[in-house]
Amino acid sequence: MENIIEIENLTKSYKMYNSKQARLLEAIFPKINKHTEFKALNNLNLNVSKGEVLGILGKNGAGKSTLLKIITGVVVPNSGNIKINGRISSLLELGTAFNSELTGEENIYQHGQVMGMTKEEIENKKQEIIDFADIGDHLYQPVKTYSSGMFARLAFACAINVEPDILIVDEVLSVGDMAFQLKCFKKFEEFKKKGKTILFVTHNISDIIRNCTRTIILKEGEKVFDGSVKDGVELYKKIIVGIEENKEEEKEKNNEDKLITYGNGKAEIIDYKILNNKNEIVKIFENDEEVTIKLKIKFNEDVKEPIFAVSVKDFRGLELLGTNTMLENKETGNYKKGEEVIVEFKQVFPLTPDKYAFSFGCTRINEEGELEVFDRKYDAILVEIMSKKQIVGIVDMKTQIQINRK
């Protein structure tokens, strides 16, 4: 497939100073080194094919924004090559092409010119942009009089309606009110259907699962993963909580390809099952049937107030339902090394008929207020949920309908 973005050995570093005085001293005396170097990107290689929706994951400071700014030409790399085969529209720096003294209408023309559009192309898109922004007569007032919401709406409308080959989205699909957000997501879906190439950066894992065809993960300026969305999301969850295991060791530990398990081992989920009301183990059950999820946890160290959790994902990896003892305001107590506990979740799962994966966890919030993972078992039990009736969407609404005929 044709590459629309080609990146080779891309490196970007910034000078870091302890004080303004150190920066000034080095500026006056260039031979004096008063800085350290921060590598935002380190020898990055990346190809993006035409029509891909690439999800870019990474913690704050991983290099995501630097990469996008280099692709859009806002930042110049220290070394490496980058080749772009198409027009880019970025939702990264909304409104950077705007002149605050000009009216909204005048800025539509200015933005189009900056994007390389002809006057005829701008005229053809103008009404579409005006309708999308929906800011009324404010369109004919100077942009400097706009509220932040109006500014964002017009900037988004300009950026999204220039028919780019590549769209760059960075945490901005939530501008404006709910009605405007809905328009944004519809436009985003249109771009996907048209086969546009999209680079999508967000901390919302569900958005990555829903929208992307491939995922990369950046860590300390380096690409540490490039592959399927599901595998990328699972690795990113480990990175968030500071747990990354060697894949070969992990496979030996799990002894099965489906199960993903990790944690620091202070507690272990040593058994888990789903039971029906006859106390029988089940992997197929109805969506109106109450079942019991039974977990057995062993404590390898003293642990105070652990959190026990259960969640359900579809086969794309999208988390649909979940709860835990903290959310349910259930005190769990303190445990000594060597103790075991049985935890039961009684639950109805009113989901549409399909196959699902159940995941379990034992964690806690530590003294620093951070999540500490003792043991997580993702995709531990694969089940099939049945239904006696047809369902629209993913959840049975359990609607009660009353008709009173006069």
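The values are calculated or read from the model by the stated rules, or taken from the named source; none is laboratory data. Just so we're clear, the structure is a prediction, and the values are computed from it rather than from any experiment. Cβ coordinates were reconstructed from backbone atoms using ideal geometry, including for glycine residues, and neighbour counts include every protein chain displayed. Just so you know, the surface numbers come from the protein's heavy atoms only, side chains and all, with ligands and any DNA or RNA stripped out. Shrake-Rupley method; radii C 1.70, N 1.55, O 1.52, S 1.80 Å.
Would you check if residue 391 is crowded, with 17+ Cβ neighbours inside 10 Å and either farther than 30 Å from residue 243 by Cα or among the hydrophobic types (A, V, I, L, M, F, W, C) (or both)? Break it down stepwise before answering.
On the way: crowded, with 17+ Cβ neighbours inside 10 Å: no; either farther than 30 Å from residue 243 by Cα or among the hydrophobic types (A, V, I, L, M, F, W, C) (or both): yes.
So residue 391 does not fit the description; no.
Looking at 62, 133, which is the one that is farther than 22 Å from residue 9 by Cβ and either open to solvent by 60 Å² or more (accessible area, probe 1.4 Å) or modelled with pLDDT under 95 (or both)?
Working: 62 fails: farther than 22 Å from residue 9 by Cβ.
Unique residue meeting the criteria: 133.
Output the helices (runs of 4 or more DSSP H) that fall wholly within the stretch 113-219 and possess 3 or more residues being more than 15 Å from the chain's Cα centre (by Cα) and under 26 Å from residue 230 (Cα atoms), or say none.
Values: elements: 119-133, 148-160, 178-193, 205-211.
Correct list: 178-193.
So, of the residues in the stretch 230-261 that are over 18 Å from residue 358 (Cα atoms) and of a type in the set (Val, Ile, Thr), which turns out to be modelled with the lowest pLDDT?
243
Of the residues 341, 310, which is in contact with a strand residue (DSSP E or B) (Cβ under 7 Å, 6 or more places away or on another chain) and within 23 Å of residue 241 (Cα to Cα)? Outline the logic, then answer.
On the way: 341 fails: within 23 Å of residue 241 (Cα to Cα).
Among 341, 310, only 310 is in contact with a strand residue (DSSP E or B) (Cβ under 7 Å, 6 or more places away or on another chain) and within 23 Å of residue 241 (Cα to Cα).
Residue by residue through the stretch 145-159, note down the ones that are closer than 18 Å to residue 198 by Cα and surrounded by fewer than 24 Cβ atoms within 10 Å (Cβ to Cβ).
Residues satisfying the conditions do not exist here.
For residue 166, all conditions in the list (1) free of Cβ contacts under 8 Å to residues at least 24 places away in the same chain; (2) touching a strand residue (DSSP E or B) at 6+ places or on another chain (Cβ under 6 Å); (3) aliphatic (A, V, I, L, M) hold save one; what is the number of the exception?
(1)
Out of the stretch 303-343, which residues are among the charged types (D, E, K, R) and within 18 Å of residue 382 (Cβ to Cβ)?
Filtering the stretch 303-343 down to residues among the charged types (D, E, K, R) leaves 304-305, 313-314, 316, 319, 328, 330-331, 336-337, 339-340.
Across the stretch 303-343, the qualifying residues are 313, 314, 316, 319.
Quick one: in the stretch 336-360, of everything that is more than 22 Å from residue 261 (Cα to Cα) and assigned to a strand (DSSP E or B), which residue is most open to solvent (accessible area, probe 1.4 Å)?
Initial filter on the stretch 336-360 (more than 22 Å from residue 261 (Cα to Cα)): 336, 346-354.
Adding the requirement that they be assigned to a strand (DSSP E or B) leaves 346-347, 351, 354.
Details: 346: 127, 347: 74, 351: 1, 354: 83 Å².
Across the stretch 336-360, the extreme among qualifying residues is 346.
When the residues of the stretch 194-229 are narrowed to those that are modelled with pLDDT of 90 or more and among the basic types (Lys, Arg), which ends up nearest to residue 10 (Cα to Cα)?
Restricting to residues being modelled with pLDDT of 90 or more and among the basic types (Lys, Arg), the top hit is 223.
Condition check: loosely packed, with under 14 Cβ neighbours inside 10 Å and either over 21 Å from the mean Cα position of the chain (by Cα) or not β-branched (Val, Ile, Thr) (or both). Does residue 26 satisfy that?
Numbers: loosely packed, with under 14 Cβ neighbours inside 10 Å: no; either over 21 Å from the mean Cα position of the chain (by Cα) or not β-branched (Val, Ile, Thr) (or both): yes.
The answer is no for residue 26.
When you go through 99, 81, 47 one by one, which is the residue that is open to solvent by 70 Å² or more (accessible area, probe 1.4 Å), more than 22 Å from residue 194 (Cα to Cα) and not aliphatic (A, V, I, L, M)? Explain how you work it out, then say what you get.
Working: 99 fails: open to solvent by 70 Å² or more (accessible area, probe 1.4 Å); 47 fails: more than 22 Å from residue 194 (Cα to Cα).
None of the others qualify; the one that does is 81.
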